[in-house]
Amino acid sequence: MALRLTSDAPFFPEILSLHARWRGRQAALVCETGTLSWAEFEAAANRRANAFLAAGLKPGDAIALVMSNGAEMALVIAAAMKAGLVTAPLNTSVRPDAMLTMISDAEARAVIASPDHAATLDAAAADAGGKLPDLKLLDGSGLSGWQALDAWAQGAAETPPAWRAKRDDPLNIIYSSGTTGQPKGILHTHGTRLDWAYDLAIALRYHSGARTLVTLGLYSNISWVMMLCTWLAGGTLFIRSGFSAADVQEQTARHAITHTAMVPVQYQRILDDPDFDAGKLASLQYVMSCGSPLLAHTKAAWLDICPGVIELYGLTEGLITTLDPEDAPGRLASVGKPLPGTDIRILDEDDKDCSPGTAGEIVGRGRIAMPFYHNRPDATREASWRDETGAVWLRTGDIGQLDEDGFLYIVDRKKDMIVSGGQNIYPKDIETVLIEHAAIADVA
């Protein structure tokens, strides 16, 4: 047999361990509670991973996270990856009964929560006559029925578990809904998340010197962009418990932050801060905006502060376009082009390709797409479209159009379209006019 020197690409569990070996003394994580080097982060994550397995959890089991931002949530996510567990990080702003529904839908074997959220879950479960998983771990202490996570994991081995990830092993479930109706959990595998991080790290220009400021909850896919790209590159995560315009400026100046990702309202609030100081943001290299369109005047103002403003349009399901800063002049309203390896098409109401300048539904495909919605074959079918070759594309439900150079412009959500007098009217077109009025700060 011929000698084969190459090996399969490592997935995130191995990547984190390699950082601990080669960057052990460098900072991996900085929070209000302190700093963890890569070696310390690896040891702490391994303790939690081994404790999960010792408690009877098995690779493929799900754990629900109802946690506030901090070091512990990042450690639990890393530990779950290493143990082969599937994390379901829940939006802490949704109603407690909706959280219970999502915990049940994920078939979670354990729940890890911050003290305030844990008490709320207990009360909701009592009111509903429901039951939380038997293993209830607390990011803290002092709540009856919950075990303090840090103490619970003490004494577990600090070496990585023997489990090794394969491409199709599930990694996480992020819920895009669940406040009303049946939850829709977006499942990603170790393979799709690794490819996703590689492609995004290139598009967003991450590197080993990245110092990434996270102000959004780690339940958000936007925060997973920052987390996984920084973990892939071997940079440092600076996780804040919340957002304020003053804190972003202070942290950026103090720690020489190079990267961040925020939603448009955050960028606007920083500009509107009475004590705004562009000099405090001088270290920023690349900042990403997503979640909703970044208004042209806000984007232009930020390009003066940080030339590396990158607008991202995407779905957690696995479709992404970015507008590179080099392409922004003259097309500030665009969200750019698909990531390399991703393709998009614009379809009319008969699922035929639209010509440039004509609006239609955006569909996309690529290696970063989810395999399916968790427990929702109906939703998976509804979100799928087969082309003339039989290839499956993801329906976005978003209306967009391409210009002659292939740059994408978002028009609106398909379901929000108003038909009046036989004409299609999109709320975004109305908003674009209203926002120009001097008396209007924002509109939706």
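Identify which of HIS259, HIS188, HIS117 has the largest mean-square fluctuation in a Gaussian network model of the chain, with springs joining Cα atoms closer than 10 Å.
Fluctuation is largest for HIS117.
Amide H of ALA148 versus every other amide H placed in the peptide plane: which residues, excluding those fewer than 5 positions away on the same chain, fall under 5 Å?
Amide H neighbours of ALA148, under 5 Å, 5+ apart: LEU138.
Relative to 2.2 N^0.38 Å, what does the C-alpha radius of gyration of region 86-186 come to as a ratio? Two decimals please.
The value comes to 1.17.
Not counting ligands, DNA or RNA, and with a 1.4 Å probe, what is SER283's accessible surface area in Å² rounded to the nearest 10?
Looks like 40 Å² after rounding.
So for the pair THR35, ASP168, with labels modelled 7 Å out along Cα→Cβ, what separation do we get in nm?
It works out to 4.4 nm between the two label points.
Testing the spin-label approximation: label points 7 Å from Cα along Cα→Cβ at ASP97 and HIS255. State their distance in nm.
According to this spin-label approximation, the distance is 3.9 nm.
Roughly speaking, what is the stretch gain from ASP343 to ARG331, that is 0.36 nm per residue apart minus the C-alpha to C-alpha distance, in nm to one decimal?
2.3 nm
Roll a 1.4 Å probe over the protein heavy atoms and report the accessible area of ASP405 in Å², nearest 10.
Accessible area of ASP405: about 100 Å².
Taking just the C-alpha trace of region 154-220, give me its Rg and Dmax in Å.
16.1, 44
Could you calculate the contour length gain from ALA43 to GLU388, that is, 0.36 nm times the residue separation minus the distance between their Cα atoms, to one decimal place in nm?
My answer for the length gained is 119.1 nm.
How far, in nm, would the chain grow between ARG367 and ASP324 when pulled straight, counting 0.36 nm per residue and subtracting the alpha carbon separation?
13.4 nm
Which of the following values of Cα extents along the principal axes in Å was calculated from the structure shown: (i) 87, 65, 46; (ii) 86, 44, 39; (iii) 67, 65, 51?
Computed from the coordinates, Cα extents along the principal axes in Å corresponds to (iii).
Quick check on packing: order 318-331, 85-98 by the mean number of other C-beta atoms within 10 Å, highest mean leading.
Top of the packing list down: 85-98, 318-331.
Taking the Cβ of GLN285 as the centre, find all other residues whose Cβ is under 13 Å away and add up their charges (Lys, Arg: +1; Asp, Glu: -1).
+2
What is the distance in Å between the Cα centroid of region 58-111 and that of region 256-285?
That distance is 30 Å.
Debye sum, Cα scatterers, region 112-160, no solvent: what log₁₀ I/I(0) at q = 0.14, 0.21, 0.30, 0.33 1/Å?
Debye curve over Cα of region 112-160, log10 I(q)/I(0) at q = 0.14, 0.21, 0.30, 0.33 Å⁻¹: -0.39, -0.71, -1.14, -1.26.
Starting from the alpha-carbon convex hull of region 271-389, give the projected area averaged over all orientations, in nm².
Mean shadow area of the hull around the Cα atoms is 10.3 nm².
If you roll a 1.4 Å probe over the heavy atoms of the protein chains, what accessible area per residue do you get for the chain, in Å²?
44
Net charge near TYR267, counting Lys/Arg +1 and Asp/Glu -1 over other residues with Cβ under 14 Å of its Cβ?
Surrounding charge for TYR267 is -3.
From the mean inverse distance of alpha carbon pairs (Kirkwood) and the Cα radius of gyration, derive Rg over Rh for region 1-80.
1.07
Give LYS280/LYS337; LYS299/LYS352; LYS184/LYS352; LYS58/LYS166 a once-over and call out the pairs whose C-alpha atoms are over 24 Å from each other.
LYS280/LYS337; LYS299/LYS352; LYS184/LYS352
What number comes out for the charge environment of ALA391, summing +1 per Lys or Arg and -1 per Asp or Glu over other residues with Cβ under 10 Å away?
-1
Could you give the nm distance between label points at ALA126 and ALA157, where each point is 7 Å from its Cα heading toward the beta carbon?
According to this spin-label approximation, the distance is 4.1 nm.
If you build a Gaussian network model of the chain, linking Cα atoms that sit under 10 Å apart, which residue out of GLU311, GLU382, GLU349 swings the most?
GLU349
Hey, how much of the P(r) for region 185-251 falls beyond 17 Å, as a percent of Cα pairs?
Result for the distance tail: 44 percent.
How big is the convex hull of the Cα atoms of region 222-314, per residue, in Å³?
Taking only Cα atoms, region 222-314 has a hull volume of 94 Å³ per residue.
Going out from 0 in 10 Å bins, what whole percent of all Cα-Cα distances in region 1-156 drops into each bin?
11, 38, 32, 13, 5, 2, 0
Quick check: at a probe of 1.4 Å, how many percent of the accessible area of the chain sits on carbon and sulfur atoms?
52
Give me the percent relative contact order of the chain, please, defined on Cα pairs under 8 angstrom at least 6 residues apart.
11
Convert 20 °C to kelvin, take the viscosity as 1.002 mPa s, use the Kirkwood radius over C-alpha pairs of region 160-318 as Rh, and evaluate the Stokes-Einstein diffusion coefficient in µm²/s, rounded to a whole number.
In µm²/s, the coefficient is 129.
Taking a quarter of the surface of the Cα convex hull of region 348-394, what do you get in nm²?
Projected area, direction-averaged: 4.1 nm².
The values are calculated or read from the model by the stated rules, or taken from the named source; none is laboratory data. Keep in mind the model is a prediction, meaning the values are calculated, not measured. Don't worry about glycine lacking a Cβ; one is built from the backbone with ideal geometry, like all the others, and counts go over all protein chains shown. Accessible surface is based on the protein model in full, side chains and every heavy atom, while ligands, DNA and RNA are left aside. Shrake-Rupley method; radii C 1.70, N 1.55, O 1.52, S 1.80 Å.
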